[in-house]
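What follows is a set of notes on a single structure, which appears directly below.
The values are calculated or read from the model by the stated rules, or taken from the named source; none is laboratory data. Remember, it's a predicted structure, so these values are computed and weren't measured experimentally. Note: ideal-geometry Cβ built from the backbone for every residue, glycine included; neighbour counts use all protein chains shown. All accessible areas refer to the heavy atoms of the entire protein, side chains included, with ligands and DNA or RNA removed. Shrake-Rupley method; radii C 1.70, N 1.55, O 1.52, S 1.80 Å.
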Amino acid sequence: MFTVNGTPRVVDAYVKDKWRTVLIQGQKQGGGAYFCIDVTDPRRPEFLWENNLGDVVESWAQVEVTRVKFLDKWVGWVGSGPDGATGEANAIAFDMEDGSLIESDLLSTMSGKTNMATAGRAIDLDFDGYTDVMYMGDLAGNLWRIGMKGDDFDRTLLFKTEANQPIQAQPIVTVDFSGKVFVYFGTGRYLDNT
């Protein structure tokens with residue numbers, strides 16, 4: 001029996017009118033909810049919110065926290081967990097203030113198969129304090145780029161694997177001395193027994 005076996009994420013973010021150190025975690029196989037606790041003073045943690053995010057069946061993805069300029073908000077991002085019923089993978093954005101849904105963006109559908117989106121990996125390329133771009137994969141073998149510099153989220157397909165090889169792990173992003181971005185990812189799937 002699973003209850004809360006997701007991987008926690010601890011970040012500093014400006015929420016509820018002040019800087020806080022917050023812990024955000026999903027239930028993973030225990031359900032689709034994510035919750036947020038203020039742990040600025042670890043001896044006196046304060047529960048901030050819990051929310052089920054519409055397209056999340058199981059909350060597997062670790063939260064990636066971004067600061068989005070066009071929304072003037074701190075935004076959490078997760079990939080939808082394993083979904084065998086609809087076969088959909090979604091990139092889901094929520095408000096760090098209260099966990100309310102901002103956007104659920106369908107990335108791919110695999111009819112009759114389990115699909116999910118990975119955790120995202122975001123980066124601030126120009127060091128202005130706002131996220132510029134985030135990358136995430138899905139079990140359909142797609143690597144996605146979600147831009148955040150304009151006045152809306154701009155999703156584009158960055159790469160498609162041969163024969164739809166699944167991408168389940170969170171990508172890694174680095175930048176070289178000249179500002180060129182490198183995105184590293186691997187293929188594979190660790191949902192099923194083989």
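Miscellaneous remarks
- Flag if Glu162 is surrounded by fewer than 17 Cβ atoms within 10 Å (Cβ to Cβ) and under 19 Å from Asp83 (Cα atoms): no
- Residues that are at pLDDT 90 or above, aliphatic (A, V, I, L, M), crowded, with 23+ Cβ neighbours inside 10 Å and within 24 Å of Phe70 (Cβ to Cβ) do occur in the stretch 93-104, at least one of them.
- The residue of the stretch 61-90 that is surrounded by the most Cβ atoms within 10 Å (Cβ to Cβ), among those that are of a type in the set (Gly, Ala, Ser) and assigned to a loop (DSSP other than H, G, I, E, B), is Ser80.
- For the stretch 31-60, taking the residues that are polar (S, T, N, Q) and modelled with pLDDT of 75 or more, the one that is most open to solvent (accessible area, probe 1.4 Å) is identified as Asn52.
- You will find that of Val10, Val63, the residue that is of a type in the set (A, V, I, L, M), in contact with a strand residue (DSSP E or B) (Cβ under 7 Å, 6 or more places away or on another chain) and farther than 18 Å from Asp138 by Cβ is Val10 and no other.
- Strands (runs of 3 or more DSSP E) (entirely within the stretch 105-194) containing at least 2 residues that are farther than 30 Å from Tyr14 by Cα and in contact with a strand residue (DSSP E or B) (Cβ under 9 Å, 6 or more places away or on another chain): 154-160
- Among the residues of the stretch 24-52, those that are part of a loop (DSSP other than H, G, I, E, B) and either under 13 Å from Thr7 (Cα atoms) or over 14 Å from the mean Cα position of the chain (by Cα) (or both) comprise Gln27, Gln29, Gly30, Gly31, Val39, Thr40, Asp41, Pro42, Arg43, Arg44, Pro45.
- Here the condition is being on the phi < 0 side of the Ramachandran plot and free of Cβ contacts under 8 Å to residues at least 12 places away in the same chain; of Lys69, Lys73, Lys18, it holds for Lys18 alone.
- Of residues in the stretch 105-116 being closer than 17 Å to Gly32 by Cβ and modelled with pLDDT under 90, the one surrounded by the most Cβ atoms within 10 Å (Cβ to Cβ): Met116
- Within the stretch 1-23, being within 16 Å of the chain's Cα centre (by Cα) and open to solvent by 80 Å² or more (accessible area, probe 1.4 Å) holds for Thr7, Val10.
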